[in-house]
Amino acid sequence: MALRINDPVPNFTAETDQGSINFHDWIGSGWAILFSHPKDFTPVCTTEFGAVAQLAREWAKRGTKVIGVSVDGADAHKKWKGDIERFAGAQAGFPIIADEGLAVSKAFDMLPAEAYLPDGRTANDTATVRSVFIIGPDKKLKLSMTYPMSVGRNFAEVLRALDALQLTYNVPLATPANWTEGQDVIVALSLNDDQAREKFGNIDIKLPYLRTTKAPR
């Protein structure tokens, strides 16, 4: 079964370059992002890990932990981090899961159950392991996106999506297309106009089913 929005994310115990973790315990009571890679020492993934390292203050400001996963071992991860940090000019302080047995990749439906690592494998053998999963404090999947090998992920968009998810978490609001922090948001249809005004103050009724209001601070 594919992992769907609002499904509980799988729990697992795994080795990382920073030691063993239990995933749900590691998440704790906050937000988390798991981003996956098909192989260490690959060019696009190195730039992506570098981007994540450069955004360390942004993740912390949002109370969000980040963790990578790659299908190589912990020792390889430690060596790769040296390249990542030289390229990015920033410390890669987040852990990277060593998914050599593909248990995490399969649990998150990035690879079929029968997948294995052939001798002399290349990144193409695990190419679908290029996903981002944003996980809420309830340990449920809030957003996922998967990219092909040739397209580097845009972590500014991951940050934007995280902001939107945190703003609307357990609140009857949604964000419109291309929304960025500080812009107006959409009032959910679960509230009628009077209820919306009572909860949020002024509302702008653009269409009977499209009402906006100032984003809560």
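How high is the relative contact order of the chain? Use alpha-carbon pairs under 8 Å, at least six apart in sequence, and give a whole percent. Please list the in-between numbers first.
Details: 356 pairs, mean separation 46.5, N = 217.
Relative contact order for the chain comes out at 21 percent.
How much length is gained if the chain between Tyr169 and Lys199 is pulled fully straight, taking 0.36 nm per residue apart and subtracting their Cα-Cα distance, in nm to one decimal?
Numbers: separation 30, 0.36 × 30 = 10.80 nm, distance 1.55 nm.
Between Tyr169 and Lys199, full extension yields an extra 9.3 nm.
How far, in nm, would the chain grow between Asp83 and Lys140 when pulled straight, counting 0.36 nm per residue and subtracting the alpha carbon separation? Could the numbers behind the result be given before it?
Numbers: separation 57, 0.36 × 57 = 20.52 nm, distance 3.29 nm.
Once the chain is fully extended between Asp83 and Lys140, it gains 17.2 nm.
If you roll a 1.4 angstrom probe over the protein chains with everything in place, what fraction of the accessible area of the chain belongs to carbon and sulfur, to the nearest %? Before the final figure, lay out the partial values.
Working: 5620 of 11100 Å².
Carbon and sulfur together cover 51 percent of it.
Could you order Ile203, Ile134 so the one with the most accessible surface comes first? Probe is 1.4 Å.
On the way: Ile203 30, Ile134 0 Å².
Greatest to least solvent exposure: Ile203, Ile134.
Can you run phi through the Karplus equation (6.51, -1.76, 1.60; θ = phi - 60°) for region 11-19 and list ³J(HN,Hα) in whole Hz, with x for Gly and Pro?
Result, rounded to whole Hz: 9, 7, 10, 8, 8, 10, 5, 10, x.
What is the distance in Å between the Cα centroid of region 130-165 and that of region 1-48?
12 Å
Leaving ligands and nucleic acids out of the surface, order Phe108, Phe41, Phe87, Phe12 by accessible area at 1.4 Å, largest first. Numbers along the way, then the final one.
Working: Phe108 5, Phe41 105, Phe87 130, Phe12 25 Å².
Accessible-area ranking of Phe108, Phe41, Phe87, Phe12, largest first: Phe87, Phe41, Phe12, Phe108.
Per residue, how much accessible surface does the chain expose to a 1.4 Å probe? Answer in Å², no decimals. Mind dumping the intermediate values first?
Working: 11100 Å² over 217 residues.
Ligands and nucleic acids excluded, the figure is 51 Å² per residue.
Cα-Cα over 20 Å: which of Lys39/Lys61; Lys61/Lys214; Lys106/Lys140; Lys78/Lys106? Intermediate results must be reported in sequence, preceding the final value.
Numbers: Lys39/Lys61 29 Å; Lys61/Lys214 22 Å; Lys106/Lys140 17 Å; Lys78/Lys106 23 Å.
Too far apart for the 20 Å limit: Lys39/Lys61; Lys61/Lys214; Lys78/Lys106.
Using modelled amide H (1.01 Å from N, peptide plane; none on Pro or chain starts), what sits under 5 Å from the amide H of Asp7, excluding residues fewer than 5 places away?
Answer set, sorted by chain and number: Leu141.
Using the Karplus equation 6.51 cos²θ - 1.76 cosθ + 1.60 (θ = phi - 60°), what ³J(HN,Hα) coupling, rounded to whole Hz, does each residue of region 104-109 give in order, writing x for Gly and Pro?
6, 4, 6, 4, 8, 6
Between Arg217 and Asp7, how many nm apart are label points set 7 Å from Cα along the C-beta direction?
Here the answer is 4.1 nm between the modelled labels.
In terms of modelled amide H atoms, which long-range or inter-chain residues lie less than 5 Å from the amide H of Ile97?
Under 5 Å from the amide H of Ile97 lie the amide H atoms of Gly68, Val69, Ser70, each far enough along the sequence or on another chain.
The values are calculated or read from the model by the stated rules, or taken from the named source; none is laboratory data. Since this is a predicted model, take the numbers as computed values, not measurements. Glycine gets a Cβ as well: all are built from the backbone with ideal geometry, and neighbour counts include every protein chain shown. Ligands, DNA and RNA are stripped out before the accessible areas are found, and what is left, the full protein with its side chains, is counted by its heavy atoms. Shrake-Rupley method; radii C 1.70, N 1.55, O 1.52, S 1.80 Å.
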